[in-house]
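Dumping the structure here so I can ask a few things about it.
The values are calculated or read from the model by the stated rules, or taken from the named source; none is laboratory data. Just so we're clear, the structure is a prediction, and the values are computed from it rather than from any experiment. Ideal geometry is used to build each Cβ from the backbone, glycine not excepted, and the neighbour counts take in all protein chains shown.
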Amino acid sequence: MSKQINLTLKVWRQSKGEAGRFETYEAKNIDTDASFLEMLDVVNDELTVKGVEPIAFEHDCREGICGCCGALVNGKTHGSHDRTTLCQLHMRHFEDGQELVLEPFRADAFPVLKDLIVDRSGLDEIITEGGYVAVKTGNAPEASTTPIKKEFAEAAMDAAECIGCGACVASCPNGSAMLFTSAKVSQYALLPQGHPERAKRVKAMVSKMDELGFGNCSNEYECAVACPKGIDVKNIARLNREFIKHGFKS
Amino acid sequence: MKLDAKIPEGPMAEKWKNHKFNAKLVNPSNRRKYNVIVVGTGLAGASAAATLAEQGYNVDCFTYSDSPRRAHSIAAQGGINAAKNYPNDGDSVHRLFYDTVKGGDFRSREANVHRLAECSNLIIDHCVAQGIPFAREYGGYLANRSFGGAQVSRTFYARGQTGQQLLIGAYGALCKEIKSGGVKMHTRCEVIDVVVIDGQARGIISRNLVTGELTRHVADAVVLATGGYGNVFFLSTNAMNCNASAAWRVYKKGAAFANPCFTQIHPTCIPVHGEYQSKLTLMSESLRNDGRIWVPKKKGDTRPPAQIPEDERDYYLERKYPSFGNLVPRDLASRNAKVVCDEGRGVGPTGQAVYLDFADAINRLGKEVIEARYGNLFEMYNRITDDDPYETPMMIYPAVHYTMGGLWVDYNLMTTIPGLYALGECNFSDHGANRLGASALMQGLADGYFVIPNTINDYLASTKIEKATTDHEEFVKAETVAKEKLDKLLSINGKRTVDDFHKELGHLLWNNCGMARNEKGLKEALEKIPKIREEFWKDLNVPGSADDLNQALEKANRVADFMEFAELMVKDALERKESCGGHFREESQTEEGEAKRDDENFCYVAAWEFQGLDKEPVLHKEPLEFEEVKLTQRSYK
Ligand SMILES: Cc1cc2nc3c(=O)[nH]c(=O)nc-3n(C[C@H](O)[C@H](O)[C@H](O)COP(=O)(O)OP(=O)(O)OC[C@H]3O[C@@H](n4cnc5c(N)ncnc54)[C@H](O)[C@@H]3O)c2cc1C
Ligand code: SF4
Ligand code: FES
């Protein structure tokens, strides 16, 4: 059953070229059936009416699939719920009178653009180095010519579920993009289509990751705890194997 | 304006092949001399940009998102159709074509639909080669499932995340071309106008959403793949940033807008629960395979569902449509839910919901079977509503889902502005008045991977395109107009927020131009929309500035377009005095309350031409001819 709660928000506000600061806002009469982002909508409407610039935060699908949304809520990426994006986190998990600290994802490779919005284009740059199968349109053989074991297809799909939200990076003490990168490397290592470019791919993606200032992985596994899609750290082990096997030679 | 659909001569099954052969080609070494702008990185845009770059063209690709991977296409769950006939259940290109024409209630263009069915198999081949982890059988071959509106299993899927996987595939293809230098990607850039010089589309004005900077980009052709306009209703299953702006602005520059009143309402969504609600979430249609839909027989019966005895329940779909029962098509399931709720028999706190009950199925099959079939959906429902659908029936209500209308395009996917193309949900062409499940993904990828690379050549090779630069007066003018509009939005300093206006407009449209429409309601909406628009320009409050990341300003700029577009949508609905597909005119129904098409008077595509904001738009009609599929009335009794 829904009820209404009041919250105090300490929100990181930061504009272009400015140092950031926390501002305190009251979130009043919040319906517990609302999602976290809907709570922010309500707060923003009130701020707007008062002539205060609304809190900038990113969002699009609000269904937990596009990977746009995300912020630190009391220090946790996407809030503290297991396998939940911020847009799928509902206010019934909070208590009346609670104080919430809201900050953007923090990582060296994710500069803050405004308030809760950070620049995650580094993740696209990693993919651009080879996170795909280089096939030209119209060239493919009949789809059924290569049977793929169901287990492999399922494992590839498990890895492919990554939504590119960057929570793994933001929750890692080193700001490493290892979980993200390993998910893509794994998907293609598990499928025959990915094999011809296997060596080139892993080498290029890992070196791009380093170049962009993502930290190294030191097996803290915070990434997997934070990941809203449950991407498994086994993928990191697979990436390491791929790297050792293919990265050093070729 | 003259509408020429340019449908190729010859038998249906030969048209596309002949057309490709007859198209003029651009010599490979000359292709890099052409610049093409692609707006949008959903399935249609990403696949088009990647493919055009593969062909050797210089491509500039734009999206307002921070990454091309975020486009709305990513949310599609169910699957993508293709006529592979892997299950050996009688499918064929012809059957997919036939089902789509019939499903669209005979309001689409046969030749386009046939080509779509032909391309469908190539899409699957290509996507498999890209490494998309489609579901597999134990033998290692691709798995299929069935989906609404078809009697064969032709849907390919990747768990409940088909759209995501297909989009990531197209995004990968795009990244490959970014890496090779064929595509220059512009993220966080919103296209706010298209520039037309001497009657040809020659470029765009875009706004950098981080810095606010307006920039001009010149090109030899412009491809719009900007998605649908369902968000005009405010609440819908669409991603929050979906909008009509690019399509609307080119309409104002002379591109015809077709069938704007055709909106698909999806029957199984989580209902609206409060004033704060921003978004409706779809629950897969597959739930209707085992769930039974009912409401109490008595009005205002507020007892919990478990306390309502069997004989006081109305399983209204099973009662009215005994042979199809809960599996009637989307439009019927939606409309009937509305009818019972309007009668005062809706359930839940708002009365705007019906039960989708799994109790019988759980008794019959056991909880494990139901869990295996729908577990992830049940969990999603639970996360949002906090109710447990294993214990108590789900509550569902129809919601705006997909827009079949869009920019009018000919067989080449070119709009009425030469050099301007529209792909995917942004055009009107393949789904008629009602889209079948799993066919939007198919269309987006067919358009981008297979159609546009074979039709744009002909235009570029056979058209004289003068040299132009961004100093041209049309660029200057377009930029000035864009800037003035943004400044104006910021200077109103009124009292109401953008969302407040958007909700008011959306509510009016939902009530008067939603699941059922009638002359009175539509006329009333036509009176009210200009008033809301006037208020908008008088009392809007947009804080912040134009040279900064300003989400309120972005939204205001889009809602301003919805305010104008809504009027055209309602006009179109008023003009079409028949019922067809997603468009149910109450005046045009059979004695049993079913939709009644009027082929004699309305078997056409309505293409509207802009005349100026305070002038009536002109309606042009593209007559539809059916050579292959006989015009018949749909019946599901
Ligand atoms: C919840 C849900 C489930 C669905 N499930 C299915 C399904 O199972 N099967 C199926 O076939 N279909 C499904 N659909 C429908 C399908 O997802 C869409 O119709 C389709 O993905 C649209 O693709 P598109 O490429 O045309 O547009 P979109 O994916 O909407 O892409 C639009 C692109 O244009 C860009 N853009 C728009 N305007 C501008 C601008 N002015 N400037 C710059 N960029 C701009 C956006 O950034 C985006 O990149 C579903 C839809 C929803 C809402
Ligand atoms: S691995 Fe998980 S946390 Fe990291 S980007 Fe992908 S979905 Fe987000
Ligand atoms: S808004 Fe798309 S994942 Fe949250």
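Table: residues versus (1) closer than 18 Å to B:A556 by Cα; (2) aliphatic (A, V, I, L, M); (3) in contact with a helix residue (DSSP H, G or I) (Cβ under 8 Å, 6 or more places away or on another chain).
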residue: B:I178; (1), (2), (3): no, yes, yes
residue: B:H186; (1), (2), (3): no, no, no
residue: B:D193; (1), (2), (3): yes, no, yes
residue: B:A221; (1), (2), (3): no, yes, yes
residue: B:L235; (1), (2), (3): yes, yes, yes
residue: B:A246; (1), (2), (3): yes, yes, yes
residue: B:K253; (1), (2), (3): no, no, no
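Have a look at B:K571, B:K577 and point out the one that is basic (K, R) and over 22 Å from the mean Cα position of the chain (by Cα).
None of the others qualify; the one that does is B:K577.
What number of residues within the range B:176-212 satisfy the criterion of being touching a Phe, Trp or Tyr at 6+ places or on another chain (Cβ under 7 Å) and either basic (K, R) or free of Cβ contacts under 8 Å to residues at least 60 places away in the same chain (or both)?
2
For B:K297, indicate whether it is surrounded by fewer than 17 Cβ atoms within 10 Å (Cβ to Cβ) and either within 14 Å of another protein chain (Cβ to nearest Cβ) or touching a strand residue (DSSP E or B) at 6+ places or on another chain (Cβ under 8 Å) (or both).
yes
Away from chain A (no Cβ under 14 Å) and in contact with a Cys (Cβ under 9 Å, 6 or more places away or on another chain), is that true of B:N434?
The answer is yes for B:N434.
So in the range A:66-86, with the set limited to residues that are not in a loop (DSSP other than H, G, I, E, B) and not polar (S, T, N, Q), which one is nearest to ligand 3 (Cβ to nearest atom)?
A:L86
Scan the range B:464-507 for residues that are part of a helix (DSSP H, G or I) and basic (K, R) and report the count.
Counting residues in the range B:464-507 that are part of a helix (DSSP H, G or I) and basic (K, R) gives 5.
While we're here: Kindly establish whether B:I168 is within 16 Å of ligand 3 (Cβ to nearest atom), of a type in the set (A, V, I, L, M) and over 24 Å from B:N457 (Cβ atoms).
yes
Select from the range B:349-374 the residues that are outside any helix (DSSP H, G or I) and surrounded by 20 or more Cβ atoms within 10 Å (Cβ to Cβ) and list them in ascending order.
Listed by number, the residues that qualify are B:A353, B:V354, B:Y355, B:L356, B:D357, B:F358.
Could you grab me the full set of residues in the range B:16-54 that are closer than 21 Å to B:L116 by Cα, more than 26 Å from the chain's Cα centre (by Cα) and either in a helix (DSSP H, G or I) or within 16 Å of ligand 2 (Cβ to nearest atom) (or both)?
Matches in the range B:16-54: B:K17, B:N18, B:H19, B:K20, B:F21, B:N22.
Could you please find all residues in the range B:28-47 being aliphatic (A, V, I, L, M) and within 9 Å of ligand 1 (Cβ to nearest atom)?
B:V39, B:L43, B:A44, B:A46, listed by residue number.
For residues that are closer than 12 Å to B:F565 by Cα and in a loop (DSSP other than H, G, I, E, B), scanning just the range B:229-258, find the one that is nearest to ligand 1 (Cβ to nearest atom).
Only one residue fits best here, namely B:N243.
Moving on to the next point. For the range A:40-54, name all the residues that are within 16 Å of ligand 3 (Cβ to nearest atom), touching a Phe, Trp or Tyr at 6+ places or on another chain (Cβ under 8 Å) and not acidic (D, E).
Of everything in the range A:40-54, just one residue is within 16 Å of ligand 3 (Cβ to nearest atom), touching a Phe, Trp or Tyr at 6+ places or on another chain (Cβ under 8 Å) and not acidic (D, E), namely A:L40.
Out of A:G130, A:G175, A:G97, A:G79, which single residue is small (G, A, S), at the interface with another protein chain (Cβ under 9 Å from one of its Cβ atoms) and either in contact with an Asp or Glu (Cβ under 6 Å, 6 or more places away or on another chain) or in contact (Cβ under 8 Å) with a residue 24 or more places away in the chain (or both)?
Going through A:G130, A:G175, A:G97, A:G79 in turn, just one is small (G, A, S), at the interface with another protein chain (Cβ under 9 Å from one of its Cβ atoms) and either in contact with an Asp or Glu (Cβ under 6 Å, 6 or more places away or on another chain) or in contact (Cβ under 8 Å) with a residue 24 or more places away in the chain (or both): A:G130.
Considering only the range B:251-267, I want to know if a residue exists there that is away from ligand 2 (no atom under 16 Å from the Cβ), within 14 Å of chain A (Cβ to nearest Cβ) and closer than 25 Å to A:V42 by Cα.
no
Mind telling me which of the residues A:V202, A:V185, A:V225, A:V206 ends up being near ligand 2 (Cβ under 10 Å from one of its atoms), in contact with a helix residue (DSSP H, G or I) (Cβ under 8 Å, 6 or more places away or on another chain), in a helix (DSSP H, G or I) and among the β-branched types (V, I, T)?
A:V225
Right, something else. Given the condition assigned to a loop (DSSP other than H, G, I, E, B), within 14 Å of chain A (Cβ to nearest Cβ), farther than 19 Å from B:D357 by Cα and more than 17 Å from the chain's Cα centre (by Cα), answer yes or no: does some residue in the range B:277-293 qualify?
yes
Mind counting the residues in the range B:407-451 that are at positive phi and not in a helix (DSSP H, G or I)?
Summing the residues that are at positive phi and not in a helix (DSSP H, G or I) in the range B:407-451 gives 4.
To continue, here is another question. Considering only the range A:36-65, state which residues are at the interface with chain B (Cβ under 8 Å from one of its Cβ atoms) and outside any helix (DSSP H, G or I).
A:G51, A:V52, A:E53, A:P54, A:A56, A:E58, A:H59, A:D60, A:C61, A:R62, A:E63, A:I65 - these are the residues of the range A:36-65 that are at the interface with chain B (Cβ under 8 Å from one of its Cβ atoms) and outside any helix (DSSP H, G or I).
I would also like to ask the following. Restricting to the range A:152-182, name every residue that is part of a loop (DSSP other than H, G, I, E, B) and away from ligand 1 (no atom under 16 Å from the Cβ).
A:E161, A:C162, A:C165, A:G166, A:C172, A:P173, A:N174, A:G175, A:S176, A:A177 - these are the residues of the range A:152-182 that are part of a loop (DSSP other than H, G, I, E, B) and away from ligand 1 (no atom under 16 Å from the Cβ).
Something else: Condition check: touching a His at 6+ places or on another chain (Cβ under 7 Å), at pLDDT 95 or above and away from ligand 1 (no atom under 16 Å from the Cβ). Does A:G70 satisfy that?
Here the answer is yes, as A:G70 does meet what is asked.
Within the range B:208-228, how many residues turn out to be surrounded by 24 or more Cβ atoms within 10 Å (Cβ to Cβ) and either near ligand 1 (Cβ under 10 Å from one of its atoms) or at pLDDT below 95 (or both)?
5
Please go through the range A:89-118 and give me each residue that is closer than 20 Å to B:M185 by Cα and loosely packed, with under 15 Cβ neighbours inside 10 Å, ordered by number.
A:P111, the sole residue that qualifies.
Inside the range B:207-227, can you point out the residues that are away from chain A (no Cβ under 14 Å), under 29 Å from B:F262 (Cα atoms) and among the small types (G, A, S)?
B:A221, B:A225 - these are the residues of the range B:207-227 that are away from chain A (no Cβ under 14 Å), under 29 Å from B:F262 (Cα atoms) and among the small types (G, A, S).
Whether any residue in the range B:69-77 is more than 8 Å from every other protein chain (Cβ to nearest Cβ) and either part of a helix (DSSP H, G or I) or surrounded by fewer than 21 Cβ atoms within 10 Å (Cβ to Cβ) (or both) is what I want to check.
yes
Of all residues in the range B:133-147, which are surrounded by fewer than 22 Cβ atoms within 10 Å (Cβ to Cβ) and more than 14 Å from chain A (Cβ to nearest Cβ)?
B:R145, B:S146
Name, by its number, the condition in (1) under 24 Å from the mean Cα position of the chain (by Cα); (2) in contact (Cβ under 8 Å) with a residue 40 or more places away in the chain that does not hold for B:N336.
Checking B:N336 against (1) under 24 Å from the mean Cα position of the chain (by Cα); (2) in contact (Cβ under 8 Å) with a residue 40 or more places away in the chain, the one that fails is (2).
Under the condition of being of a type in the set (A, V, I, L, M, F, W, C) and more than 22 Å from B:R585 (Cα to Cα), which residue from the range B:427-443 is farthest from ligand 1 (Cβ to nearest atom)?
Per the criteria, the residue is B:M442.
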